[in-house]
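A.B. asks: Shown below is the structure under consideration.
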Amino acid sequence: MSNLTPSQIFNGYKNGELDKSSAKEYLISFVENSADWPIRVEALEFLGEMGLNDLSFFKFLEELIVSGLLVGEITLLAINLIANMPFKKCEEVLWFAYKYEEGSIKGRVAELLIEKNPEAAYEPIKQAFKLDEDHLQYDTTAKYLDYGTSQFLRYIANVLFNSSNEKYRALLYPFDYVLYKGEVILVLNGELDLKFKQIDNIDNIHGLRDLVDLKILDLSCNDITEIKGLESLTNLEILSLDDNKISEIKGLDTLTKLRVLVLFGNKISEIKNLNSLIGLERLALSRNLITEVSGLDTLKKLKFLSLYYNPIKEIKNPELLKRIKEVRLSKKFIL
């Protein structure tokens, strides 16, 4: 059997060529001993498909979760499997995971605990939201939430938003958020992260116009063709629109507090409509279609300008560029 793959073992079990106990033993061996992570995941998935509910399998899953030796997808699989087993101790294991796991895995555990025992789960989850709300409101020294906390909040926010329990939905009230294609995306520490969301039209982000206190907006790596719908975000300081399909700089006139504008990796052919951005310090326009460097006269505070990988033929005002602390151009332009 040592030469068989998890798939072959599982198919042998389904075809009646291998009894349930032997298939289980072989698959568990893969999970415990294989040096190939995808094979471990595959073996555990097949164990789940076998519908095992015996005590020995429960203890195996418990050890996977409690030991902390395995992380990521395999831990999440073990948590989902143990949550459906008919043992009182399942909830105890889930509470252990809630305490020690982070990010979206912790979010999934919280979701399972809400399903199993909503009354018992309410106070701990409320406390988690209260602590993070306090952090966002008072800790002015922290630039960002740690990754694990932000991922947890983003996951559980969708669980709470879709809950039929108004008490759970109310936990979201202190937070600003937007909706895009049914997903709740929280504003965390003044930042809204919307990268890699396959957004093609900013107007389809419900609630964005209401975020008048938003400081940082990341719309990078989407399919946006036009800059619009940002007029009310007058406190915005950092705007990232890199790696989209934007052909024209516009729709930014009211964003007078903007310090950083990132537009590299688009289809922009002309630098224009930046006159009102008097506080702009960093402008990234690399990997576009710009042929002429102009339109920067009013940007007195500009310290960084990136124009790599553009078909630039002319620099209208070389003296203007010399006052900018860092300018990145193709080698043929020496300032």
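The values are calculated or read from the model by the stated rules, or taken from the named source; none is laboratory data. A quick note: this is a predicted structure, and the numbers were derived from the prediction, not measured. Glycine gets a Cβ as well: all are built from the backbone with ideal geometry, and neighbour counts include every protein chain shown.
A.B. asks: How do the pairs read when you match residues in region 65-93 that are farther than 17 Å from residue 148 by Cβ with residues anywhere that are of a type in the set (Asp, Glu) and part of a helix (DSSP H, G or I), using Cβ under 6 Å and keeping only pairs 6 or more apart or on different chains?
C.D. replies: Once the first residue is farther than 17 Å from residue 148 by Cβ and sits in region 65-93, its partners that are of a type in the set (Asp, Glu) and part of a helix (DSSP H, G or I) give 93/62.
A.B. asks: Can you confirm whether residue 218 is modelled with pLDDT of 95 or more and surrounded by fewer than 17 Cβ atoms within 10 Å (Cβ to Cβ)? First the steps, then the outcome.
C.D. replies: Details: modelled with pLDDT of 95 or more: yes; surrounded by fewer than 17 Cβ atoms within 10 Å (Cβ to Cβ): no.
Against the criterion (modelled with pLDDT of 95 or more and surrounded by fewer than 17 Cβ atoms within 10 Å (Cβ to Cβ)), residue 218 does not qualify.
A.B. asks: Any residue in region 26-46 that's surrounded by 19 or more Cβ atoms within 10 Å (Cβ to Cβ): show its pairings with residues that are among the polar types (S, T, N, Q) and assigned to a loop (DSSP other than H, G, I, E, B) at Cβ separation under 6 Å, as long as the two are six or more apart or on different chains.
C.D. replies: Listed pairs, sorted by first residue: 40/34.
A.B. asks: Output the residues belonging to region 39-58 that are touching a helix residue (DSSP H, G or I) at 6+ places or on another chain (Cβ under 9 Å) and more than 17 Å from residue 80 (Cβ to Cβ). It would help to see each step written out before you state the result.
C.D. replies: At the first step, the residues of region 39-58 found to be touching a helix residue (DSSP H, G or I) at 6+ places or on another chain (Cβ under 9 Å) are 39-50, 52, 54, 56-58.
Within region 39-58, 39, 54, 56 qualify.
A.B. asks: Moving on. Could you give me the residue pairs with C-beta distances under 8 Å whose first residue belongs to region 295-321 and is in the same structural domain as residue 274 (by TED's automatic domain parsing), whose second residue is of a type in the set (Lys, Arg) and not in a strand (DSSP E or B) wherever it lies, and which are 6+ apart or on separate chains?
C.D. replies: From region 295-321, the pairs are 295/272; 303/325; 304/325; 308/287; 309/287; 310/287.
A.B. asks: A further question on this structure: Name the one entry in 193, 200, 213, 176 that is acidic (Asp, Glu) and not assigned by TED's automatic domain parsing to the domain that holds residue 304.
C.D. replies: Numbers: 193 fails: not assigned by TED's automatic domain parsing to the domain that holds residue 304; 200 fails: not assigned by TED's automatic domain parsing to the domain that holds residue 304; 213 fails: not assigned by TED's automatic domain parsing to the domain that holds residue 304.
176 is the lone residue from the list that is acidic (Asp, Glu) and not assigned by TED's automatic domain parsing to the domain that holds residue 304.
A.B. asks: Name the single residue that is modelled with the lowest pLDDT among those in region 120-162 being surrounded by 18 or more Cβ atoms within 10 Å (Cβ to Cβ) and over 20 Å from the mean Cα position of the chain (by Cα).
C.D. replies: Taking the candidates together, the pick is 125.
A.B. asks: Residues that are modelled with pLDDT of 95 or more and within 26 Å of the chain's Cα centre (by Cα): find the helices (runs of 4 or more DSSP H) completely inside region 27-119 holding 2 or more of those.
C.D. replies: Details: elements: 37-49, 55-67, 73-83, 89-100, 103-116.
Result: 37-49, 73-83, 89-100, 103-116.
A.B. asks: Among what's in region 164-181 and is charged (D, E, K, R) and either touching an Asp or Glu at 6+ places or on another chain (Cβ under 9 Å) or surrounded by 12 or more Cβ atoms within 10 Å (Cβ to Cβ) (or both), pick the residue that is farthest from residue 123 (Cα to Cα). Spell out the reasoning first.
C.D. replies: First, pick out the residues of region 164-181 that are charged (D, E, K, R): 166-167, 169, 176, 181.
Then drop every residue that is not either touching an Asp or Glu at 6+ places or on another chain (Cβ under 9 Å) or surrounded by 12 or more Cβ atoms within 10 Å (Cβ to Cβ) (or both), which leaves 167, 169, 176.
Details: 167: 11, 169: 13, 176: 21 Å.
Applying the filter and picking the extreme gives 176.
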